[in-house]
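Presented below is the structure to which this report refers.
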Amino acid sequence: MSRSRDRYNVKETEARWQAIWEDRGCFHAREDDARAKYYVLEMFPYPSGRIHMGHVRNYTLGDVVARYKRARGFNVLHPMGWDAFGLPAENAAIANKVHPARWTRENIAAMRTQLKAMGLSYDWRREIATCEPEYYRHEQKMFLDFLAAGLVYRKESWVNWDPVEHTVLANEQVIDGRGWRSGVPVEKRLLSQWFLKITEYADDLLAALKDLERWPERVRLMQENWIGRSEGMRLTFDVEGAEEGLEVFTTRPDTLFGASFCALSPNHPLAQRAAADNPALADFIAECNRMGTSEEAIETAEKKGFDTGMVALNPVRPDQRLPIYVANFVLMEYGTGAIFGCPAHDQRDLDFARKYDLPVVPVVLPPDADAADFAIGAEPYVGDGTLINSEWLDGLDVPAAKRAVAERLEAEGRGARTVSYRLRDWGVSRQRYWGCPIPIVHCPDCGAVPVPEAELPVTLPEDVDFDQPGNPLDRHPTWKHVDCPSCGTPARRETDTFDTFFESSWYFARFADPWSTDIGFKRAAADYWLPVDQYIGGIEHAVLHLLYSRFFTRALRRCGYVGVDEPFAGLLTQGMICHETYRDEKGDWLFPSEVTRLDDGRWVRAATGAPVTVGRVEKMSKSKKNVVDPEGIIATYGADTARLFMLSDSPPERDLEWTDAGVDGAWRYINRLWRMVIGAGLPPVGAPAPASFAPEVTAVRQVTHRTIAAVTDDLERFHFNKAVARIRELTNALGELAEGEGAGWALREGLETVVRLVNPMTPHLAEELWRALGHATMLVDTPWPEADPALLVEETATVAVQVNGKLRATLALAKDAPREEAEAAALADPAVQKFTAGKTIRKVIVVPNKIVNVVV
RNA sequence: GCCCCAGUGGCGGAAUUGGUAGACGCGCUUGACUCAAAAUCAAGUGCCGGAAACGGCGUGCUGGUUCGAGUCCGGCCUGGGGCACCA
């Protein structure tokens, strides 16, 4: 026999089916009210130039869901696009003198080819790239709509400045005080920026989390922490000799009698005013603003304060005079930018009080402490207890004292209960070229004027240079010089561009209707397709993209674009792809492709034979070189092998270790199934079922139908690894099917079932085998198999028999056999009697169809 | 510091509600086929003892609840993740 006939020709087969799917438009989605819609979406990639294993896993997961739901009769939308604005394009422009647009488009073309080789069931007609004016023009319109709706404002504020990227970063993009991409410590700068009022939805974004039942608990928790709601009070302290009072925020109004100082943020207006005629204070404030916000900086920085000489009066005890400090640990962005300090019940306040020798008066007595000798040492007391040293609060517990203070001060007009959030408004201005221009003109007379709708889009100029650091739009000779749309006098175009998270905050809606030119998408299309039923991507976007999109959707709803609040009804967060790491004798990292394992288990460099140290399994990363290029795998083993491996070894949300052995296993299975189908002598398609089956054949048919039920359940729950295991079990059972009445018919039934069940995972192989089995139809049009209920019924149950909880025998009993029968059978079993002989049986527990436990 | 998640064979992982721990795969061992190798097929594979039958032990550690615990409860250990001058 020729080699081509006894071995599966992956390359030819996969290319052929991909062409057929494309030619027939198998995955084109159309709105259809007759069928239930299902929108499955994977987080779209940044076009870096090549796909990596994380992409392969992400898109495989999405494709399994899409193909499975399609077979279940849903009208499936499964699109793909490119998150195409961003800094790497500008870096490439600087390094290689290539225009960001060209670099990006070439990368997209290369990656599209790679994705198409994976056999993914996308509606490619809907492909979008966010860097094209056809896309970003619509978000300029949205921005202006948000502005009109009061959801956008411009403010001068202290922002995170990345000195390497020469741009502002949002809070969400600062990790451990460092820029999320550059990794260098961010600085504080005072700049005018555009903000989106995400805080207006803080409560709603928080409350709605509990209804996102198909989101991982972990992600909901992370968003909850990020929003950081805390209930407290705003209190006004009179300032001696001043008209205006000092407003502070506190969550512990119950400790007001323990106050011993007030502290202002260095950027608080009162501090700034005081600094105007106090050079020493001005120096102190400048020093505070130089301090980094990185973890180390905060850990090591001392609590420092500067006594302004001003005095605040305690609102519950106006005769108590509290010094007002400017303190380096008070944030202007949270609460009111001012606090009162109660050293006995807060760690920072205590540190500060010890340093500046301020009184430490306990006002909450722990439940088991004695009032006579209770004192605060190095640690404050932060728990519940009984109020002391607090006049009219004495004897109350903490919640009651909070209530009492709140009611009294509210009645006196000296305070109000409020809620504070950690969440800040979303600063969207970036001082970069490769982003969507913000459609605003700054006029010396009219201020910030929106670009009229008729003049949209504001497109990026092509003729820019990247020879100097900074924003090329700002340096461009002509682009920014325009006349004011309102009064016609010479004005300056806004040269900042949007944060790239702006584009990804609405792309899922554009996929519903990527063709409209006058509007981002038709309302009817969005109403039909949204929300996304299943969203799949990495956990790294738990707060960034996923929170922005939830806010953006609410903003779009307010402006009439959509009718939903939540963009993603279901979310699956996939784990990372990991690989062993390798180092040579010098300690330099080596690619997996550079090393090889000898028969004796030693690892060496393939080229030189030099010894190699194998390190721990870590997330694939370029810096550690523990990466495997998907293109090579797909070229050698085919897309189906890569897809099957991605699904078999680990549950999707867990990290997956890429191993050659695992790939081999998937490859072997694909070939084994191919040989089984090609080599099987089967009755023809549609042959009538025999009148009866031999018992062992019926047993195999039962496995077939139970597998249908189990795999269906597994896919519904995204237990893909279990689904693969069950399909393999069925394959094993079919391989052992001997001759017997009806065996041929049952084998066809079983093989057809395997092929249909495996279709979402390895679609090329499945289509090929479906045709080899004699079908003229295609699996993409074939409904999901259904289990025959008659074959799911069990006639016997295997019952475990325990003596004192230890397994001693198993019995095959009729299903639902009476308790007495099970008990009698168990006690009669010789293996059981060995352990009961000569002993008194005290108790017998019978769980029908499961277990009999004899207690002696 | 606060919050969350996870610890099961040599490895990845199974075990819907407490009811036969280790499905499926990888690896390994042995055998068949072959001049040989690869591929394929067959058998075995938690650990300890035993030729076997069989017995003992076993889900990070420890204590508890229960006829029965990987699963529930308390205390610890280890690993991972998130947040962190948030008043």
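The values are calculated or read from the model by the stated rules, or taken from the named source; none is laboratory data. No experiment lies behind these values; they were computed from the predicted model shown. Neighbour counts run over all protein chains shown; Cβ positions are idealised from the backbone, glycine included. The area values use the complete protein model at the heavy-atom level, side chains included, leaving out ligands, DNA and RNA. Shrake-Rupley method; radii C 1.70, N 1.55, O 1.52, S 1.80 Å.
Report, by residue number, each residue of the stretch A:404-442 that is over 19 Å from A:Glu247 (Cα atoms), open to solvent by 20 Å² or more (accessible area, probe 1.4 Å) and within 16 Å of RNA strand B (Cβ to nearest atom). Once the filter is applied, which keeps residues that are over 19 Å from A:Glu247 (Cα atoms), open to solvent by 20 Å² or more (accessible area, probe 1.4 Å) and within 16 Å of RNA strand B (Cβ to nearest atom), the stretch A:404-442 yields A:Arg424, A:Asp425. The residue of the stretch A:116-128 that is nearest to A:Arg523 (Cα to Cα), among those that are surrounded by fewer than 21 Cβ atoms within 10 Å (Cβ to Cβ) and aliphatic (A, V, I, L, M), is A:Ile128.
Here's the yes/no breakdown for (1) open to solvent by 40 Å² or more (accessible area, probe 1.4 Å); (2) in a helix (DSSP H, G or I); (3) within 12 Å of RNA strand B (Cβ to nearest atom); (4) among the aromatic types (Phe, Trp, Tyr):
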| site | (1), (2), (3), (4) |
| --- | --- |
| A:Leu811 | no, no, yes, no |
| A:Leu827 | yes, yes, no, no |
| A:Lys839 | yes, no, no, no |
| A:Val852 | no, no, yes, no |
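Selection of helices (runs of 4 or more DSSP H) fully inside the stretch A:1-119 by the criterion of at least 2 residues being within 27 Å of A:Asp513 (Cα to Cα) returns A:10-24, A:53-71, A:100-116.
Count of the stretch A:334-352 residues, restricted to those that are near RNA strand B (Cβ under 7 Å from one of its atoms) and open to solvent by 30 Å² or more (accessible area, probe 1.4 Å), is 4.
Does A:His775 meet the test of being touching a residue at least 60 places away in the same chain (Cβ under 8 Å), away from RNA strand B (no atom under 15 Å from the Cβ) and touching a Gly at 6+ places or on another chain (Cβ under 6 Å)? No; evaluated as a whole, the condition is false for this residue. In the stretch A:640-664, the residues that are closer than 19 Å to A:Pro216 by Cβ form Cβ pairs under 9 Å with partners that are among the acidic types (Asp, Glu), at six or more places apart or across chains, as follows: A:Ser650/A:Glu657; A:Leu656/A:Asp649. Go through the residues of the stretch A:150-167 one by one and say whether even a single one is crowded, with 21+ Cβ neighbours inside 10 Å and touching an Asp or Glu at 6+ places or on another chain (Cβ under 6 Å). There is no residue in the stretch A:150-167 that is crowded, with 21+ Cβ neighbours inside 10 Å and touching an Asp or Glu at 6+ places or on another chain (Cβ under 6 Å). Scanning the stretch A:771-806 for residues that are under 39 Å from the mean Cα position of the chain (by Cα) and among the hydrophobic types (A, V, I, L, M, F, W, C) yields A:Met778, A:Leu779, A:Val780, A:Trp784, A:Ala787, A:Leu792. Among the numbered criteria (1) within 9 Å of RNA strand B (Cβ to nearest atom); (2) outside any loop (DSSP other than H, G, I, E, B); (3) open to solvent by 40 Å² or more (accessible area, probe 1.4 Å), which one does A:Gln833 miss? Every condition holds for A:Gln833 apart from (1).
Does A:Ala800 satisfy being over 30 Å from A:Arg16 (Cβ atoms) and either open to solvent by less than 20 Å² (accessible area, probe 1.4 Å) or in a strand (DSSP E or B) (or both)?
Values: over 30 Å from A:Arg16 (Cβ atoms): yes; either open to solvent by less than 20 Å² (accessible area, probe 1.4 Å) or in a strand (DSSP E or B) (or both): yes.
Yes.
When residues in the stretch A:78-88 are screened for being at negative phi and either small (Gly, Ala, Ser) or surrounded by 24 or more Cβ atoms within 10 Å (Cβ to Cβ) (or both), 6 of them pass. For the stretch A:710-722, the set of residues classified as more than 8 Å from RNA strand B (Cβ to nearest atom) and in contact (Cβ under 8 Å) with a residue 40 or more places away in the chain consists of A:Val711, A:Thr712, A:Leu715, A:Phe718, A:Phe720, listed by residue number. Checking each residue in the stretch A:304-331 for being closer than 17 Å to A:Ala275 by Cβ, more than 7 Å from RNA strand B (Cβ to nearest atom) and open to solvent by 10 Å² or more (accessible area, probe 1.4 Å) picks out A:Lys304, A:Gly305, A:Phe306, A:Asp307, A:Thr308, A:Gly309, A:Met310, A:Pro323, A:Tyr325. Any residue at all in the stretch A:677-700 that's open to solvent by 50 Å² or more (accessible area, probe 1.4 Å), at pLDDT 95 or above and either touching a His at 6+ places or on another chain (Cβ under 9 Å) or assigned to a helix (DSSP H, G or I) (or both)? No, the conditions are met nowhere in the stretch A:677-700.
Among the conditions (1) surrounded by 12 or more Cβ atoms within 10 Å (Cβ to Cβ); (2) modelled with pLDDT of 90 or more; (3) closer than 30 Å to A:Thr712 by Cα; (4) more than 10 Å from RNA strand B (Cβ to nearest atom), the only one that A:Ala822 does not satisfy is (3). Scanning the stretch A:723-761 for residues that are near RNA strand B (Cβ under 8 Å from one of its atoms), open to solvent by 30 Å² or more (accessible area, probe 1.4 Å) and touching a residue at least 40 places away in the same chain (Cβ under 8 Å) yields a total of 3. For the stretch A:270-282, indicate whether the set of residues that are within 30 Å of A:Leu191 (Cβ to Cβ) and within 13 Å of RNA strand B (Cβ to nearest atom) is non-empty. Yes, the stretch A:270-282 contains a residue that is within 30 Å of A:Leu191 (Cβ to Cβ) and within 13 Å of RNA strand B (Cβ to nearest atom).
Which residue out of A:His541, A:His579 is within 23 Å of A:Val56 (Cβ to Cβ) and out of contact with any Lys or Arg (no Cβ under 9 Å at 6 or more places or on another chain)? Step through it out loud before you land on a result.
Numbers: A:His579 fails: out of contact with any Lys or Arg (no Cβ under 9 Å at 6 or more places or on another chain).
None of the other options fit; the residue is A:His541.
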